[in-house]
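Take a look at the structure set out below.
The values are calculated or read from the model by the stated rules, or taken from the named source; none is laboratory data. This is a predicted model, so every value here is computed, not measured. Cβ sites come from the backbone with ideal geometry, for glycine too, and all protein chains shown count toward neighbours.
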Amino acid sequence: MTNNTANSNSWNGIYLGSSSNNFLTNNTANSNSYGIYLGSSSNNFLTNNTANSNSYDGIYLDKFSSNNTLTNNTANSNSNYIIIFGVIVLIIAAYYFFVMRKKKKGKEESK
């Protein structure tokens, strides 16, 4: 999915559900509830995407998403910027980056 604009939607701008091995490149998702949302999605590549002014999260990967690679994505002026609950492979040059992790085996990981 390349060079798309998804603005002013009532829920997600861009959504991947139970998807794998996708490339999201140079997309814009502004003024939605969630800019870019990955649910139960793995082995995807998000590169040079912009998610600004979304009500909830700019880029959100749920706890069932894993092994995704984020490179040069921008998320500004969202309630939360980039939220990752799943396992991530690599993040390069994410702007306004915030990670939340849940407890694992009785030990709290970094927030």
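Right, Phe23: surrounded by fewer than 16 Cβ atoms within 10 Å (Cβ to Cβ), within 17 Å of Asn3 (Cα to Cα) and under 11 Å from the mean Cα position of the chain (by Cα) or not? First the steps, then the outcome.
Numbers: surrounded by fewer than 16 Cβ atoms within 10 Å (Cβ to Cβ): yes; within 17 Å of Asn3 (Cα to Cα): yes; under 11 Å from the mean Cα position of the chain (by Cα): no.
Spelling it out, it is not the case that Phe23 is surrounded by fewer than 16 Cβ atoms within 10 Å (Cβ to Cβ), within 17 Å of Asn3 (Cα to Cα) and under 11 Å from the mean Cα position of the chain (by Cα).
Residue under question is Tyr15, and the condition is that it be farther than 12 Å from Ile84 by Cα, in contact with a strand residue (DSSP E or B) (Cβ under 6 Å, 6 or more places away or on another chain) and surrounded by 15 or more Cβ atoms within 10 Å (Cβ to Cβ); does it hold?
yes
Here's the yes/no breakdown for (1) over 19 Å from Ser77 (Cβ atoms); (2) assigned to a loop (DSSP other than H, G, I, E, B); (3) polar (S, T, N, Q):
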{"site": "Ser8", "(1), (2), (3)": "no, yes, yes"}
{"site": "Ile14", "(1), (2), (3)": "no, no, no"}
{"site": "Leu24", "(1), (2), (3)": "yes, no, no"}
{"site": "Leu38", "(1), (2), (3)": "yes, no, no"}
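Condition check ((1) buried (at least 18 other Cβ atoms within 10 Å of the Cβ); (2) hydroxyl-bearing (Ser, Thr, Tyr); (3) in contact with a Pro (Cβ under 6 Å, 6 or more places away or on another chain); (4) at pLDDT 95 or above) across all residues:
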residue: Ala6; (1), (2), (3), (4): yes, no, no, yes
residue: Ser10; (1), (2), (3), (4): no, yes, no, yes
residue: Leu38; (1), (2), (3), (4): yes, no, no, yes
residue: Phe64; (1), (2), (3), (4): no, no, no, no
residue: Ile82; (1), (2), (3), (4): yes, no, no, no
residue: Ile88; (1), (2), (3), (4): no, no, no, no
residue: Phe98; (1), (2), (3), (4): no, no, no, no
residue: Lys105; (1), (2), (3), (4): no, no, no, no
residue: Lys111; (1), (2), (3), (4): no, no, no, no
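Inside the stretch 2-19, can you point out the residues that are among the small types (Gly, Ala, Ser) and under 14 Å from the mean Cα position of the chain (by Cα)?
Gly13, Gly17, Ser19
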